[in-house]
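S.K.: The structure follows.
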Amino acid sequence: MAIFTPTNQIRLTNVAVVRIRRAGKRFEIACYRNKVMGWRSGAEKDLDEVLQTHTVFVNVSKGQVAKKEDLVKAFGTDDQTEICKTILAKGELQVSDKERHTQLEQMFRDIATIVADKCVNPETKRPYTVILIERAMKDIHYSVKPGKSTKQQALEVIKQLKETMQIERAHMRLRFLLPRKEGKRLKEKLKPLIKVIESEDFDEHLEIVCLVDPGCFREIDELIRCETKGKGTLEVLSLKDVEEAAVDVSCEDAQRMQKRDTADV
């Protein structure tokens with residue numbers, strides 16, 4: 001007995017589905033796992049690395065392909081590749097609860113890593129470990145926001161952690177070389193943006209080495225360029241002012257290390 005297989009059905013397995021609703025109908029595309037976010041961020045440029053097939057479905061799991069007339073009505077074209085790009089950009093990524101949990105855990109770690117990289121203990125000038133930052137984030141019950149970038153969230157976390165622990169962004173070390181004529185006047189404008197002046201030399205030019213908050217860098221750069229009409233220079237001596245032996249541990253970590261060392265003896 002012959003088995004009838006509908007020609008408009010394509011069977012796919014182990015896929016990530018991106019879904020969108022247009023003109024009262026649902027449209028889906030089948031993508032490779034972990035590739036959709038790379039495409040949206042611009043990290044992945046090759047569409048073939050993202051799509052399992054350049055085909056638009058009404059139901060990926062059942063392999064039901066969308067009709068041409070429905071595509072034209074919903075998207076104004078039947079070019080499936082272009083429609084796939086539209087769905088990739090604007091559609092909703094369907095993931096399982098387990099996948100979503102894994103993604104949130106990874107974002108949580110990425111945020112903690114960024115915070116640890118950008119910040120120090122202001123008293124010791126040493127950075128915190130990623131593990132300690134993760135613990136602090138859990139203590140303030142920080143919830144990851146999937147729709148926001150990890151960098152944006154890291155800046156939010158820093159603000160929140162300042163309320164519960166000694167933490168601040170590591171200062172940048174800069175050197176200004178300002179024309180003598182504009183030097184004194186410009187120094188007064190720069191003062192509110194400078195945390196610490198480490199050295200100052202006023203000879204033919206005004207040379208200042210100082211520490212600033214990274215968030216003020218663009219404002220300082222623009223101020224020097226505009227006020228000196230390009231005659232002043234700004235040099236970044238170091239992106240982070242930190243102590244070299246840079247490890248900060250919690251009391252619990254220290255106790256565990258002490259117990260381990262004692263056991264070894």
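S.K.: Note down the net charge around Glu92, summing +1 for each Lys or Arg and -1 for each Asp or Glu among other residues with Cβ under 11 Å from its Cβ.
M.R.: Around Glu92, the surrounding residues sum to +3.
S.K.: Put a dot 7 Å past each Cα toward the Cβ at Ser199 and Leu47; how far apart are the dots in nm?
M.R.: 5.7 nm
S.K.: Among the listed pairs Lys138/Lys162; Lys98/Lys145; Lys35/Lys145; Lys125/Lys159; Lys151/Lys229, which are separated by more than 24 Å between their Cα atoms?
M.R.: Distance filter (> 24 Å) returns Lys151/Lys229.
S.K.: Considering only protein heavy atoms and a probe of 1.4 Å, how much of the accessible area of the chain is carbon and sulfur, as a whole percent?
M.R.: 49 percent
S.K.: Treating cross-link reach as a plain straight distance, find the lysines whose alpha-carbon is under 22 Å from the alpha-carbon of Lys68, omitting any fewer than eight places away in the same chain.
M.R.: Lys68 reaches Lys25, Lys85, Lys90.
S.K.: How about Lys195: which aspartates and glutamates have a C-alpha closer than 15 Å to its C-alpha, ignoring those fewer than 8 places off in the same chain?
M.R.: Glu123, Glu168, Asp213, Glu219, Asp241
S.K.: If I take R0 = 45 Å and measure r between the Cβ atoms of Lys68 and Arg109 in this structure, what FRET efficiency does the formula 1/(1 + (r/R0)^6) give, to the nearest 0.05?
M.R.: The computed FRET efficiency comes out at 0.50.
S.K.: Now a separate question. Could you work out the local net charge near Val196, counting Lys and Arg as +1, Asp and Glu as -1, over the other residues with Cβ closer than 10 Å to its Cβ?
M.R.: Its environment carries a net charge of 0.
S.K.: Can you compute the charge dipole magnitude of the chain about its Cα centre, using +1 on each Lys and Arg Cβ and -1 on each Asp and Glu Cβ, nothing else charged? Give it in debye, rounded to the nearest 20.
M.R.: 1260 debye
S.K.: In deg cm²/dmol, rounded to 500, what helix-only [θ] at 222 nm does the chain give when every DSSP H run of at least 4 residues adds -39500 (n - 2.57) and the total is split over its residues?
M.R.: So the calculated ellipticity at 222 nm is -12500 deg cm²/dmol.
S.K.: Quick one: if the Förster radius is 30 Å, what FRET efficiency do Thr102 and Gln160 give, using the C-beta to C-beta distance and rounding to 0.05?
M.R.: 0.80
S.K.: Note the full-extension length gain between Asp117 and Asp213 as 0.36 nm times their separation in residues minus their Cα-Cα distance, in nm to one decimal.
M.R.: 33.1 nm
The values are calculated or read from the model by the stated rules, or taken from the named source; none is laboratory data. Computed from a prediction, not measured in an experiment: that's the story for all the values here. Because the Cβ atoms are built from the backbone with ideal geometry, glycine has one as well, and the counts that use them run over all protein chains shown. Side chains are part of the model used for accessible areas, which takes the heavy atoms of the whole protein and leaves out ligands, DNA and RNA. Shrake-Rupley method; radii C 1.70, N 1.55, O 1.52, S 1.80 Å.
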